[in-house]
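Here the structure is laid out as structure tokens; the discussion comes afterwards.
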Amino acid sequence: MADKKKLLRSLAGEAMDVPPVWLMRQAGRYLPEYRATRAQAGDFLSLCYNPELAAEVTLQPIRRFGFDAAILFADILLIPEALGADLWFVTGEGPRLSTITDASGMARLKTADDVHAHLNPIYETVKILAEELPKETTLIGFAGAPWTVATYMIAGRGTPDQAPAHKLREGDPATFDALMDLITAATIEYLDMQVKAGAEVVKIFDSWAGSLKGEAFDKYALAPTKRIIGELKSRHPDLPIIAFPREAGEKYVGFSKAVGADCLAIDTSVDATWAAENLQVDGCVQGNLDPKLMVTGGNALVTEAKRIRDALKGGPHIFNLGHGITPDADPENVHVLLDAIRN
Ligand code: CP3
């Protein structure tokens, strides 16, 4: 397997003393070159829909740090926009969308097959990246999981407790289920096109999975992710898939097997030693350094990075953070991290 890309070796189940590394949000505001390209593009969405510039910001952290993987620069909220929702970003606050609260709102949305016209620039970005990435770097495509995307479409913004989405799923299950079905179908078509354009791995971000408990978790986090993975694997049998049901807690156990994922990404609330015993038995685990350490750095960063690497080195592991790197992170700390893991 020595000539296979390092990240793909981990996804195929190989344990390594030095794991492959990449960071969630590795292209982002903590990098001066990202801020410059973003200023050139205008706003965040214009950057997402500009294939040359989106490819450029995807490549920036690869050039600077030599990560083992690049993740397509885009956003999980492009799917709602492709389905006909209005989407804009308020500086310093985050995303805003027109809301879906009832059947009449659902009726205004497009169908899953209609998303490509809007998302074509994203597929163009993937094609550029497939050409331009170094041969040892793996290209990861992604989408949000239906529950997480639905929470934004229902509330029209990020919410601390996802209350509007919980209210709709309990109060009007027919509308809620129709929305979940539509997002699921659109996400399958979107990821399929990313793979056809050159994405070698896909990751499904369920950032708000942790607010679903018990049966609701199985129904709205596990089942839709399983449907997406099943369909993608039937179209692309060798495609490795990373699932990230963030803050799933005890529901992480058995999740990757249940949905058919090749790798389970974990947040910082679970310990790496526990993950080695309880999660790595099912295959590759990705994670889970606290992003705060990328701000504070120093010995604490080095010690914790090595602890996580060593806790998980008995099985397949992709080193990453437990959530995205933040705008106040120091780029120098990325070098410190890579030195700690690789040397
Ligand atoms: O990881 C990467 O580098 C790839 C690109 C990527 C972005 N967003 C770029 C982005 C990915 C994979 C995402 C996923 C995403 N987007 C998630 C899931 C992961 C997570 O963080 O939980 C979610 C929930 C979103 C929705 C979203 N996009 C929010 C809530 C925000 C505002 C918060 C913030 O960080 O500003 C965004 C904006 C966003 N997406 C930025 C970037 C680089 C910042 C935009 C800017 O330049 O101002």
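The numbers here are math on the coordinates, done by the rules we state, and not lab data. In this text, all values refer to a predicted model and were calculated from it rather than measured experimentally. Virtual Cβ from ideal backbone geometry, glycine too; neighbours counted across all protein chains shown.
Dipole magnitude for the range 21-263: about 380 debye, using +1 per Lys or Arg Cβ and -1 per Asp or Glu Cβ, origin at the Cα centre. Peptides 213-219, 322-328 ranked from most to least packed give 322-328, 213-219, packing being the mean of other C-beta atoms within 10 angstrom over each peptide's residues. Measuring max minus min along each principal axis, the C-alpha atoms of the range 228-343 give extents of 45, 28, 26 Å (largest first).
Using a 10 Å cut-off around each Cβ, can you sort Cys284, Cys48, Cys263 from fewest to most neighbouring Cβ atoms? Walk me through the numbers on the way to the answer.
Working: Cys284 28, Cys48 22, Cys263 25.
So the residues, fewest neighbours to most, are Cys48, Cys263, Cys284.
Excluding same-chain neighbours fewer than eight residues apart, the lysines reachable from Lys127 by a Cα-Cα span under 23 Å are Lys4, Lys5, Lys6, Lys135, Lys196, Lys203, Lys233.
Out of all DSSP beta bridges in the chain, what portion is antiparallel? Express it as a percent rounded to 5. Please list the in-between numbers first.
Values: 5 of 29 bridges.
Bridges in the chain that DSSP calls antiparallel: roughly 15 percent.
Cysteines in the chain that lack a partner Cβ within the 4.7 Å cut-off: Cys48. The alpha-carbon atoms of the chain, seen along their principal axes, cover 58, 46, 38 angstrom, with the largest extent given first. Mean sequence separation of contacting Cα pairs (under 8 Å, at least six apart), scaled by the length of the chain, corresponds to a relative contact order of 21 percent. If you take the Cα centroid of the range 273-343 and the Cα centroid of the range 153-220, the two points sit 27 Å apart. In the range 2-23, whose amide N lies under 17 Å from the spot 7 Å out along Cα-to-Cβ of Asn343? List them in ranges. Label zone hits: 18-19.
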